[in-house]
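The values are calculated or read from the model by the stated rules, or taken from the named source; none is laboratory data. Please read all numbers here as calculations on a predicted model, not as lab measurements. Note that each Cβ is placed from the backbone with ideal geometry, even for glycine, and that neighbours are counted across all protein chains shown.
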Amino acid sequence: MKKGRFTLPADNSLGSKTEEIAKRWGSDAVRDCDGTALPDNPKRFGKVYNTYFIVRGDNEWGRLHSEEAQRIFLLTERVLATEETVKIQIMNGFLADEFEPDETYLDRWEVYDRTEGVLVKDWSYDAKNQVVTISNVKKFHEYTVSFLARITWHPVQIYNYLTNEWTCEKQLTYDPAFPNTKEYIKRHMEEWCLANPDTDVVRFTTFLYQFTLIFNHLGKEKQVEWFGYAQTANPIHIDNFYKKTGIKLTAEDFVDDGHYNNVFRTPTEKFKKYMEYIEEFVSSTVAELVEICHKHGKEAMMFLGDDWIGAEPYGDYFKNMNLDAVVGSVGGGVTVRMLSEIPHVKYHEGRFLPYFFPDTFFDGNEENAVAELNKNWLTARRAHMRKPLDRMGFGGYLSLAAKFPAFIDRVEEIADEFRTIYDAIDNKKPYCRLKVAILNAWGKKRSWMSHMVAHELWYQSIYSYQGVLESISGLPVDVEFLSFEDVKKGALKNIDVVINVGDAYTSFSGGKAWLDEKLQTTIREFVYNGGGFIGVGEPTAVSANGRYFQLADVLGVDEEIGFTLSNDKYNINKVSHELTADMTEFDYGEDKKNIYALDGAKVLDIVFSDRFKRAVNVGEVKMAVNDYGKGKSFYITGIPYSLENSRLLYKAMCYVSGKDINVCYSSNPLTECNYYPTSKKYAIVNNSDKTQTTEFYDMSGNKSIIELKPMEVRWING
């Protein structure tokens, strides 16, 4: 058993059992959690973390300054006009405890005819009944109201309140956009530091603005957008942004047709500028608080969650906060890399799953809790081998986990393995076989953040694409996240493979961005001269100029949307290929229909309907490769994460870039190989819970046979 790099979630309800668990897990730090208090004399456990809230927690201040609550523009449900007037009860469908209509800014409210998409001026508001009456409407048109509301109950506390059956006082919000509140949060920070001399690390949970989290009237989540800036809609910000840029934002810019500018929407230029304005405000405000922490000898840690909006870790202003550390929830390999690669901090910490909450830790569920722990660790470990986190820990109530002895045992093993991997890698960069660019509208700002609604939660519409990043998080490739503008400016110079993945018209596939002649020709030239291109789902898709996939010539496939049914399609024969030679089953996730191959492409998998027996205009291509000049492309309809799909993707990347795969390679897809040039060590990893045998190829291509125990990491000197 080793010690260190482990933060224990402790509370004062467990007694002496805390010391026993801390020793077994090798804890060198202790933290409290939202809703708990630390044990007495916490420094006996090592470094002390304390949760700190900037914009919630002091209800006395919130009540005395209710006019300085945070704001959000909310969009009502659409209401059909069947008479001369329409009445809309604006709070229908919203949780009354979370929001209160802000009638002091009625001039910021907007009423829209959604059938025509036009602003309506003829309306009035009944404050007593919270009803907007729209006059002179057009019958059988739909209407909405976008209204400004105060946030009167912090959304994350609502979540905890409902999940963990809390009965404590509901926390109000306040906004440092108001100078009075900004001075208060600095004063409170100073007082708090003086009152908490034992605290070594101030764990900010998080900073100023909560991601968009709207509850409905039943207390269920209505809108969840982990990247959303909806709750920054303070009129002070809107006015100051206008003074600074000359850009006037209205309610419609925030509600965005009801999408609240979610990350799947291609951002408008003016809203991107507003995001940068908020980033600058957040970073400068937080920097003042961090300076206070440092003055008192305390480290400042950011939790990448909750009120993290405006603190973009891959943005241009993050460095200005002078933070010491970041911590976040580890949903899998993607979130490990999202955390571990954040620049401008001294160390990176992950909260592994499961959280010690009653939804997992209840009588009779120990086996499932251990299974969830193993699944989380095996997925995260792949990424940890590539770019390790500096520390690990858990969240929730230790008193619940303590009731599961098998769980305690398994965490002890994982904690030791975490430290062993970290020490062996010594934070040196592992060998990368090639360099891949993930291409979308967001680029660097959403590094390791694409195709998420929340931290790697399963969503039916995106898991088939999220699997690309999850696979890459543990593969021996160097990764860059590029925007379309980056590509046009020459960012492909040192790239081997470009990947474009997602549904048509989303920010990740690109939509109308692909109408740009320079973008198209830059990618074509890149592939033609020997580069590789991989498309997943509906890459480069936008209907124009006789094509749906604008780079169909590169990909060798296009999607039938009904406009080219008259064009006969003869390329329907499946061919044998090195990429699929050892595969008998394929998992495309939610898949895409109506993909067809152009002449010259090689079809690697295709399915046919039993209803038709023809040799033309039938079949749906699932996977294909195509030669394009000196380069190659690979297309697949979907690639949800699995060890087999991860291997397929890696083989495809090597194939389209012309790289020999049998270098630093483990042939069994349930195993993987990493090499660390500085220490000259190989790590052969068994990602399954069963014994595996594999062919191992070293850096010179020499082959040997290795047998690995379940979940084993075998270290071999090079």
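With the requirement that a residue be surrounded by fewer than 21 Cβ atoms within 10 Å (Cβ to Cβ) and within 14 Å of the chain's Cα centre (by Cα), what does the range 322-340 give you?
Selection gives SER329 alone.
Only one residue in ALA513, ALA491, ALA504 is touching a Leu at 6+ places or on another chain (Cβ under 7 Å) and in a loop (DSSP other than H, G, I, E, B). Which one?
Details: ALA513 fails: in a loop (DSSP other than H, G, I, E, B); ALA504 fails: touching a Leu at 6+ places or on another chain (Cβ under 7 Å).
Just one listed residue meets the conditions, ALA491.
Within the range 225-236, is even one residue in a strand (DSSP E or B) and either surrounded by 15 or more Cβ atoms within 10 Å (Cβ to Cβ) or of a type in the set (A, V, I, L, M, F, W, C) (or both)? It would help to see each step written out before you state the result.
Filtering the range 225-236 for residues in a strand (DSSP E or B) gives 225.
If we keep only those that are either surrounded by 15 or more Cβ atoms within 10 Å (Cβ to Cβ) or of a type in the set (A, V, I, L, M, F, W, C) (or both) as well, we get 225.
Looking through the range 225-236, at least one residue is in a strand (DSSP E or B) and either surrounded by 15 or more Cβ atoms within 10 Å (Cβ to Cβ) or of a type in the set (A, V, I, L, M, F, W, C) (or both).
In the range 640-662, which residues are touching a Gly at 6+ places or on another chain (Cβ under 6 Å) and either at positive phi or assigned to a loop (DSSP other than H, G, I, E, B) (or both)?
PRO640, TYR641, ASN662
Could you tell me whether any residue of the range 596-619 is without any contact (Cβ under 8 Å) to a residue 60 or more places away in the chain, over 17 Å from LEU649 (Cβ atoms), out of contact with any Lys or Arg (no Cβ under 6 Å at 6 or more places or on another chain) and among the acidic types (Asp, Glu)?
Step one: of the range 596-619, the residues without any contact (Cβ under 8 Å) to a residue 60 or more places away in the chain are 596-619.
Of the ones still in play, those that are also over 17 Å from LEU649 (Cβ atoms) are 596-603, 606-619.
Next, from what is left, pick out any that are out of contact with any Lys or Arg (no Cβ under 6 Å at 6 or more places or on another chain): 597-602, 607-616, 618-619.
When the remaining residues are screened for being among the acidic types (Asp, Glu), the result is 599, 610.
There is at least one residue in the range 596-619 that is without any contact (Cβ under 8 Å) to a residue 60 or more places away in the chain, over 17 Å from LEU649 (Cβ atoms), out of contact with any Lys or Arg (no Cβ under 6 Å at 6 or more places or on another chain) and among the acidic types (Asp, Glu).
Please go through the range 139-185 and give me each residue that is among the hydrophobic types (A, V, I, L, M, F, W, C), on the phi < 0 side of the Ramachandran plot and part of a loop (DSSP other than H, G, I, E, B), ordered by number.
Initial filter on the range 139-185 (among the hydrophobic types (A, V, I, L, M, F, W, C)): 140, 145, 147-149, 151, 153, 156, 158, 162, 166, 168, 172, 177-178, 185.
Pick out the ones that are also on the phi < 0 side of the Ramachandran plot and you get 145, 147-149, 151, 153, 156, 158, 162, 166, 168, 172, 177-178, 185.
Within the range 139-185, TRP153, TRP166, CYS168, LEU172, ALA177, PHE178 qualify.
Are any of the residues in the range 587-601 under 27 Å from the mean Cα position of the chain (by Cα) and outside any loop (DSSP other than H, G, I, E, B)?
no
How about the range 548-607: which of its residues are at positive phi and either modelled with pLDDT under 95 or in contact with a strand residue (DSSP E or B) (Cβ under 9 Å, 6 or more places away or on another chain) (or both)?
Looking only at the range 548-607, we keep the residues that are at positive phi, and these are 556, 562, 589, 591, 594, 600.
GLY556, ASP591, ASN594, GLY600, listed by residue number.
Please work out if PHE241 is assigned to a helix (DSSP H, G or I) and hydrophobic (A, V, I, L, M, F, W, C).
Details: assigned to a helix (DSSP H, G or I): yes; hydrophobic (A, V, I, L, M, F, W, C): yes.
Yes: the conditions hold for PHE241.
Please tell me if SER704 is among the polar types (S, T, N, Q), at pLDDT 95 or above and more than 29 Å from ILE495 (Cα to Cα).
yes
Within the range 395-414, is there a residue that is over 25 Å from the mean Cα position of the chain (by Cα), at pLDDT 95 or above, assigned to a helix (DSSP H, G or I) and of a type in the set (Lys, Arg)?
Yes; the residues of the range 395-414 include at least one that is over 25 Å from the mean Cα position of the chain (by Cα), at pLDDT 95 or above, assigned to a helix (DSSP H, G or I) and of a type in the set (Lys, Arg).
List, please: which pairs have Cβ atoms under 8 Å, are six or more places apart or on different chains, and start with a residue in the range 247-260 that is surrounded by 14 or more Cβ atoms within 10 Å (Cβ to Cβ) and end with one that is among the β-branched types (Val, Ile, Thr) and part of a helix (DSSP H, G or I)?
LEU249/ILE238
Could you grab me the full set of residues in the range 28-56 that are without any contact (Cβ under 8 Å) to a residue 60 or more places away in the chain, outside any strand (DSSP E or B) and within 32 Å of the chain's Cα centre (by Cα)?
From the range 28-56, those without any contact (Cβ under 8 Å) to a residue 60 or more places away in the chain are 28, 30, 32, 37-41, 44-46; that's our starting set.
Then drop every residue that is not outside any strand (DSSP E or B), which leaves 28, 32, 37-41, 44-46.
ASP28, ASP32, ALA37, LEU38, GLY46 - these are the residues of the range 28-56 that are without any contact (Cβ under 8 Å) to a residue 60 or more places away in the chain, outside any strand (DSSP E or B) and within 32 Å of the chain's Cα centre (by Cα).
State which residue is surrounded by the fewest Cβ atoms within 10 Å (Cβ to Cβ) when the search covers only the range 696-718 and only residues that are assigned to a strand (DSSP E or B) and among the basic types (Lys, Arg).
Applying the filter and picking the extreme gives LYS703.
Here are SER646, SER633: which of them is small (Gly, Ala, Ser), under 16 Å from VAL477 (Cβ atoms) and either under 28 Å from the mean Cα position of the chain (by Cα) or assigned by TED's automatic domain parsing to the domain that holds ARG524 (or both)? Give the steps one after another, and end with the answer.
Details: SER633 fails: under 16 Å from VAL477 (Cβ atoms).
Sole residue among the options that is small (Gly, Ala, Ser), under 16 Å from VAL477 (Cβ atoms) and either under 28 Å from the mean Cα position of the chain (by Cα) or assigned by TED's automatic domain parsing to the domain that holds ARG524 (or both): SER646.
Look at MET653 and say whether it is modelled with pLDDT under 95 and either touching a helix residue (DSSP H, G or I) at 6+ places or on another chain (Cβ under 9 Å) or crowded, with 23+ Cβ neighbours inside 10 Å (or both). Working first, answer last.
Working: modelled with pLDDT under 95: no; either touching a helix residue (DSSP H, G or I) at 6+ places or on another chain (Cβ under 9 Å) or crowded, with 23+ Cβ neighbours inside 10 Å (or both): yes.
Taking the combined requirement at face value, the residue does not satisfy it.
Residues THR678, THR693: which one is surrounded by fewer than 19 Cβ atoms within 10 Å (Cβ to Cβ), outside any loop (DSSP other than H, G, I, E, B) and either among the polar types (S, T, N, Q) or assigned by TED's automatic domain parsing to the domain that holds ILE495 (or both)?
Working: THR678 fails: outside any loop (DSSP other than H, G, I, E, B).
That would be THR693, the only listed residue that is surrounded by fewer than 19 Cβ atoms within 10 Å (Cβ to Cβ), outside any loop (DSSP other than H, G, I, E, B) and either among the polar types (S, T, N, Q) or assigned by TED's automatic domain parsing to the domain that holds ILE495 (or both).
Restricting to the range 478-509, what's the tally of residues that are under 20 Å from the mean Cα position of the chain (by Cα) and either closer than 19 Å to ASN645 by Cβ or among the small types (Gly, Ala, Ser) (or both)?
11
Kindly indicate whether LYS632 is of a type in the set (Lys, Arg) and not in a loop (DSSP other than H, G, I, E, B). Write out each step before concluding.
On the way: of a type in the set (Lys, Arg): yes; not in a loop (DSSP other than H, G, I, E, B): yes.
Yes: the conditions hold for LYS632.
Among the residues in the range 538-551, are any in the same structural domain as ALA441 (by TED's automatic domain parsing), over 30 Å from PHE608 (Cβ atoms), among the basic types (Lys, Arg) and out of contact with any Pro (no Cβ under 6 Å at 6 or more places or on another chain)?
Looking for residues that are in the same structural domain as ALA441 (by TED's automatic domain parsing), over 30 Å from PHE608 (Cβ atoms), among the basic types (Lys, Arg) and out of contact with any Pro (no Cβ under 6 Å at 6 or more places or on another chain), one finds none in the range 538-551, hence no.
Sort out which residues of the range 186-218 are touching a helix residue (DSSP H, G or I) at 6+ places or on another chain (Cβ under 6 Å), surrounded by fewer than 17 Cβ atoms within 10 Å (Cβ to Cβ) and assigned to a loop (DSSP other than H, G, I, E, B), and write them in order of number.
ASP198
Being at pLDDT 95 or above and on the phi < 0 side of the Ramachandran plot is the requirement here; does THR115 meet it?
When the stated conditions are applied, THR115 passes them.
For the range 671-718, which residues satisfy the criterion of being under 20 Å from GLU413 (Cβ atoms) and of a type in the set (A, V, I, L, M, F, W, C)?
Within the range 671-718, ALA683, ILE684, VAL685, LEU708, MET711, VAL713, TRP715 meet the criteria.
Could you look through the range 656-671, keep only residues that are aliphatic (A, V, I, L, M) and touching a strand residue (DSSP E or B) at 6+ places or on another chain (Cβ under 7 Å), and pick out the one that is surrounded by the fewest Cβ atoms within 10 Å (Cβ to Cβ)? Before the answer, list the steps.
Residues of the range 656-671 aliphatic (A, V, I, L, M): 656, 661, 663, 670.
Those still in the list that are touching a strand residue (DSSP E or B) at 6+ places or on another chain (Cβ under 7 Å) too: 656, 663, 670.
Values: VAL656: 28, VAL663: 17, LEU670: 19.
Out of the qualifying residues, it is VAL663.
Among the residues of the range 62-94 satisfying the criterion of being of a type outside the set (Asp, Glu) and assigned to a helix (DSSP H, G or I), which is nearest to VAL255 (Cα to Cα)? Steps first, answer last, please.
Restricting attention to the range 62-94, the residues satisfying the condition of being of a type outside the set (Asp, Glu) are 62-66, 69-76, 78-82, 85-94.
Then keep just the ones that are assigned to a helix (DSSP H, G or I); that gives 62-64, 66.
Values: GLY62: 26, ARG63: 28, LEU64: 29, SER66: 24 Å.
The selected residue is SER66.
Give me the residue from the range 159-185 that is in contact with a Pro (Cβ under 9 Å, 6 or more places away or on another chain), among the charged types (D, E, K, R) and touching a residue at least 60 places away in the same chain (Cβ under 8 Å) and, out of that set, surrounded by the most Cβ atoms within 10 Å (Cβ to Cβ).
Per the stated criteria, the residue is LYS182.
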